[in-house]
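Step one of this worksheet: look at the structure below.
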Amino acid sequence: MRRVLFFFMLTVLTLSLVACDGEGSKNVKANTISSATLTEREEALLSGTADQSFVFDFNAGDQYKEVAVWVEKYESGKLVKKLTRMSTEIKNTGTIVFSTAKINEENNQTRFSISVHSNEATATGLSSETMKDDDLGMVLGSNPSESISIKDKSIVLASIGYPSGEEGISDLSTDFYSDMGSHMDELKNYDVVYLLRCTFK
């Protein structure tokens, strides 16, 4: 019952975000994706249902008909598993919402959710993960590019990380988001990193 209620709330939230700013993804340049600019109302809706959240608008034009979105988990720089992988059909423009919400305080069980809204339809993927009990040491990051090309590549959209050592807390570099393959060493500075990634087909 709790899972059904969460799924219902997530769907309502996604639809509300899209309804609040229906023109958002239409204003994005063709064949690009970028962080969405949220209104105060949209931010309030997200903060009421999620601990962390990231929202992206895309414009796939007529060339791309499907988007795949997933979360990768790295430990000390090594990929250990993929979470919440989903693929869905899209038409022209749309919105991707990634959020986390703690569902069990005692064992730090957290629900990861990804929603894709396009062509008046919403697809959602859910999974659970036991995260570190260190909210103060958590580093959130989002791809800093204002207009990310979606052409023929896998994109890093966002990250949630727990740095190792005591050198200070910092996000992954701009270079990492633009060329992950050449900057994999950055992941070794974290005990755990979750990366939100996508590809358009």
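Derivation of every value follows stated rules applied to the coordinates shown; laboratory data play no part. This structure is a prediction, so every number in the text was calculated from the model and none was measured.
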Inset, instruction - Using amide H atoms built 1.01 Å from N in the peptide plane, name the residues 5+ places from Ile103, or on other chains, whose amide H lies under 5 Å from its own. - result: Gln109, Thr110, Arg111
Legend entry - Pairs of Cα atoms farther than 17 Å apart, the stretch 150-201, %: 36
